[in-house]
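Visitor: Dumping the structure here so I can ask a few things about it.
The values are calculated or read from the model by the stated rules, or taken from the named source; none is laboratory data. None of the values given here were measured: they were computed from a predicted structure. Positions of Cβ are backbone-derived with ideal geometry, glycine not excepted, and every protein chain shown enters the neighbour counts. The accessibility values were calculated without ligands, DNA or RNA, using every heavy atom of the protein model including side chains. Shrake-Rupley method; radii C 1.70, N 1.55, O 1.52, S 1.80 Å.
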Amino acid sequence: MAVGVVAGVESQERRGGGAGAGRVTAFVVLSCVTAAMGGVIFGYDIGIAGGVSSMEPFLRKFFPEVHRRMEGDVRVSNYCKFDSQLLTAFTSSLYVAGLLTTFAASRVTAGRGRRPSMLLGGAAFLAGAAVGGASVDIYMVILGRVLLGVGLGFANQAVPLYLSEMAPSRWRGAFSNGFQLSVGVGALAANVINYGTEKIRGGWGWRVSLALAAVPAGLLTLGALFLPETPNSLIQQGKVERCDVEQLLKKIRGADDVADELDTIVAANSATAGVGGGGLRMLLTQRRYRPQLAMAVMIPFFQQVTGINAIAFYAPVLLRTIGMGESASLLSAVVTGVVGVGATLLSMFAVDRFGRRTLFLAGGAQMLASQVLIGSIMAAKLGDYGGVSRAWAAALILLIAAYVAGFGWSWGPLGWLVPSEVFPLEVRSAGQSVTVATSFVFTVFVAQAFLAMLCRMRAGIFFFFAAWLAAMTAFVYLLLPETKGVPIEEVAGVWRGHWFWSRVVGGDGEEEERNNGGKL
């Protein structure tokens, strides 16, 4: 799963020109790398759960019923060996806590700044890693995941916003997609660590896997103590003199002429000062925001029903389902993690050249074909008992890697980038909250339901996800206009020029909304 990035400042700076004159300074790089530790922790927590869930000592200690099935209970189908609501609660509790924390984190990030949210998130991550690594019963295991979820709620609100506001405008897309890259790096690190700790004699390797989340958490917490607050946040809080903000902006941009950018930041803050809590009401009630609201809900929904989080959470479990050994399944997860990181890097270079729609459509087609082939092989070659041949297992690993690659350069980063860049300034915060909340809700659903669905639907679950991939690809083709290079102030024209959305927003756009009071 990845989180949203507020990209709207880019268009304002593009018009002002101040940020465009800036360069990527060492100060910016160091600040953003430190902040991106929040993304690394997010990816690590995604990857680590699936790995330890397939380790026999971990299952034997906390999920003995699942371990008994894995030991060879011939009465249990291959597809049902990991079907345990308690086991899935271990995974999904992270996201339930993240969802509930998001609302408080949004207020802290807006009212107190980005750094305080990162500090709170880092502290919660450290506590969660300590509790998880020291767990003696299932309650401590779940508590550790809940604390990690609290950290996730704070970090995922603050870090993307911090990256977006610190980066020079002409590099903002790359910096924003860099958060998704850091998530992939964290997941890859988790897979590598799981592969190593599984080999520790004595059966305590899972403790190392869970506790090592403290490393990026410590870097985030320590770094946040020394990071500067963003100029946007300082202006928003109104506690710092303009001249001090200007000096900070000069240091960030590595240029003396930052007056235009500072003016646009001040103007943006003035424009939103009167909106307050009305942003969500405006978004939900005013017709001119209907297209953006649809994207804020449908794109994160589709992102989750691609099935990617089923793969991310349970890849080692899934590979053990087809008969692979514990070590081999963890090694295969490492391979797919490398593929995912490489694909996300490709997306960073391709998104501003080829456009959002092209990557969405090509990636969707690649993922659809992969899911159909995975489902077909499992339906033909894997019954309720036994395994598949080594050749077919290798084919399935290649198809999973192709699927992960398709997600990594399309629906992974773009599933968050596009919703963030289509919102006008006055409803941008509310729009991001809707996007993040929608994503969390369906992440929890997929995490909690996947193993039960795998047990009941068998190989058909992959055709289930393939059907959604067909639907979402059609959605993009028919209803998503290209937003590459379009300033946020001009995005209303994109919707009014679209064959479908023009009928929803009307031909006279904002003027019509002013005349009718914003009602339908």
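Visitor: Are there chymotrypsin sites (Phe, Trp or Tyr not before Pro) in the stretch 127-218 that DSSP marks as loop and that have at most 14 other Cβ atoms within 10 Å, and which are they?
Guide: Trp204
Visitor: Would you mind getting the accessible area per residue of the stretch 72-196, heavy atoms of the protein chains only, 1.4 Å probe, in Å²?
Guide: On the way: 3990 Å² over 125 residues.
With the other protein chains kept in place, the stretch 72-196 gives 32 Å² per residue.
Visitor: Under 20 Å from the Cα of Lys81, which lysines turn up, not counting those fewer than eight places away in the same chain?
Guide: Partners within reach: Lys61, Lys381.
Visitor: Okay, next question. Wrap a convex hull around the Cα atoms of the stretch 374-417, take a quarter of its surface area, and give that in square nanometres.
Guide: Working: hull surface 14.6 nm².
Approximately 3.6 nm², given one-decimal rounding.
Visitor: Would you list which lysines come within 23 Å of Lys239, measuring only between C-alpha atoms, while excluding same-chain residues fewer than 8 positions from it?
Guide: Lys250, Lys251
Visitor: Taking the Cβ-Cβ separation of Phe354 and Gln237 as r and a Förster radius of 35 Å, what is the calculated FRET efficiency to the nearest 0.05?
Guide: 0.35
Visitor: Run through the stretch 69-118 and list the trypsin sites (Lys or Arg not before Pro) located in a DSSP loop whose Cβ has at most 11 other Cβ atoms within 10 Å.
Guide: Values: sites: Arg69, Arg75, Lys81, Arg107, Arg112, Arg114; in loops: Arg75, Lys81, Arg112.
Passing both the DSSP loop test and the Cβ count: Arg75.
Visitor: Let me ask something else. How do 452-460, 349-357, 433-441 rank on mean C-beta neighbours within 10 Å, highest first?
Guide: In decreasing order of mean packing, 452-460, 349-357, 433-441 become 433-441, 452-460, 349-357.
Visitor: For the stretch 51-193, what is the largest minus smallest coordinate of the Cα atoms on each principal axis, given in angstrom and ordered from greatest to least?
Guide: Principal-axis extents of the Cα atoms in the stretch 51-193, largest first: 59, 29, 23 Å.
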